[in-house]
1. By how many degrees, between 0 and 90 and to the nearest 10, does the Cα long axis of helix 37-54 differ from the longest principal axis of the chain?
2. Please report, largest first and rounded to whole Å, the three semi-axes of the ellipsoid equivalent to the range 334-445, where each semi-axis is the square root of five times an eigenvalue of the C-alpha gyration tensor.
3. On average over all directions, what projected area in square nanometres does the range 203-246 have, based on the convex hull of its Cα atoms?
4. For the range 212-333, take every pair of Cα atoms, bin their distances at 5 Å starting from 0, and report each bin as a whole percent.
5. List the trypsin sites (Lys or Arg not before Pro) in the range 327-414 that DSSP assigns to loop (not H, G, I, E or B) and whose Cβ has at most 13 other Cβ atoms within 10 Å. Which are they?
6. Evaluate the charge dipole of the chain about its Cα centre and quote only its size in Debye, nearest 20, assuming +1 on the Cβ of each Lys and Arg and -1 on the Cβ of each Asp and Glu.
7. What percent does the relative contact order of the range 109-165 come to when contacts are Cα pairs within less than 8 Å and at least six residues apart?
8. When all C-alpha to C-alpha distances in the chain are sorted into bins of 10 Å, what percent of pairs does each bin hold, rounded to whole numbers?
Amino acid sequence: MTYEVNFDGLVGPTHNYAGLSYGNVASLSNATSVSNPKEAALQGLEKMKAMHDIGLKQGIFAPHARPSLAPLRRVGFSGTDAQVLEKAYKHDPILLRACYSASAMWTANAATVSPSIDSSDGKVHFTSANLNCKFHRSIEPETTTNLLRAMFANAQYFAHHQHLPEQPFFGDEGAANHTRLADSHGSKGLQLFVYGSSGFNSDIKGPTKYPARQTLEASQAIARLHQLDDKQAIFIQQNPNVIDQGVFHNDVIAVGNENVLFCHDQAFIDQTSSLTKIRQAYIGEKPLHIVEVPTHAVSVEDAVKSYLFNSQLITLPSGEMMLVAPEECAKNDNVAAYIEYMLGAKNPISQVRFFDLRQSMQNGGGPACLRLRVALNEAELKAVNPEVMMSEDKFIQLSAWVNKHYRDKVTEQDLADPSLLQESYAALDELTQLLNLGSVYDFQRA
Ligand code: SUG
């Protein structure tokens, strides 16, 4: 038996709205709104618990230590921690906001993962994403690698790769631009890599307004590192026009699960030929279902607003598929009508469940952004650090931990307050015990 285990990012104590992600409509439009880290973390925990209660295997991905003082010190802010914060607040508040970001919560961007069935050495492969398009995200990969190693430590089963070179040629945003299509989680699959532009080939035309975050070269490098057979990797370009409308990752316009690809009809460049290539490359024996949502039913604007395609598409223990959607989908008339139609139509998706993830959504992170999928067989699952797996007890412990340590309000001014740093580090120090993570954080450099 092979399980798809979702490792959800636990929202960190400094969750705030800083307007850091040009090209991500929600991030920009909520810049400087007041955040509620406690609510954000509890909303995320509710989703994890609900998935666990449905009978799925659910994991927890710890947050990063923020504020990160190392980048501030590196660019000349000196003195005690409090002085560094005070000076940065005064002289470079945008940089300070970046160093406070809890963006590691969106673990779909943490790494790309290939299951052992697809890799020639029979191991599960992880490559942390370099996230080099945005400064606040580019400071994530080292801690992400430390965390992945603490969660998947057994070298007999798990192979970890360093993030790709930081050069823009290798822009890599992890599993947000990668999905796997297969008859089942346990069968050999086709890994679909979706890129926004090329680092080296100027004939490949990317978007003109907003940045393309994933390059073809990064996706190709990952397929090589993960030892995928040529027949098991396909590289498709995202439609640059939708990137320019706010689709900053492919998982904002498409999601796959087993033998289903759920996508908008403008998701890919030259959509008809892109879908034909995917159909031809599919290596399963079951039919591949492509559920393609027409623009006249759901516009790109509605897709971006509602995050319909940032739903998780999961296989329930019964074998049916469920769309795990943000509440915003139920509130958007066009999207709600389409979902109703789709559930009754001929395709494997038969259920929907909506979640309130507003705190994360306001920064452009829906249900699928919050989780990293790792397909594991029984032996591999046994080798995972058991403390990072969701259970009744873990849910109670983590909810109590959030209620003890988190604020219910963080404003821009709070970022100059050294007690937010102390609270955040104390919380994470305690979390390393709860999740048995060892010394993943170097608080001096954090
Ligand atoms: O990288 N938002 C994240 C959202 C990531 C969503 N992930 C996926 N689609 N898989 C980003 O743009 C906003 C932070 C701020 O503005 O405070 C931010 O980083």
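Every number here is computed from the coordinates shown, using simple stated rules; none is lab data. Predicted, not measured: the structure shown is a model, and the values here were computed from it. Note that each Cβ is placed from the backbone with ideal geometry, even for glycine, and that neighbours are counted across all protein chains shown.
1. 40
2. Working: eigenvalues 229, 113, 31 Å².
They are 34, 24, 13 Å, listed from largest to smallest.
3. Working: hull surface 14.5 nm².
Value for the range 203-246: 3.6 nm².
4. Reading upward from the zero bin: 2, 10, 18, 21, 21, 16, 8, 3, 0.
5. Passing sites in the range 327-414 are Lys346, Lys409.
6. On the way: 37 positive and 48 negative charges, 90 e Å.
For this selection, approximately 440 debye.
7. Values: 78 pairs, mean separation 21.2, N = 57.
Once normalised by length, the contact order is 37 percent.
8. 5, 23, 34, 27, 10, 2, 0
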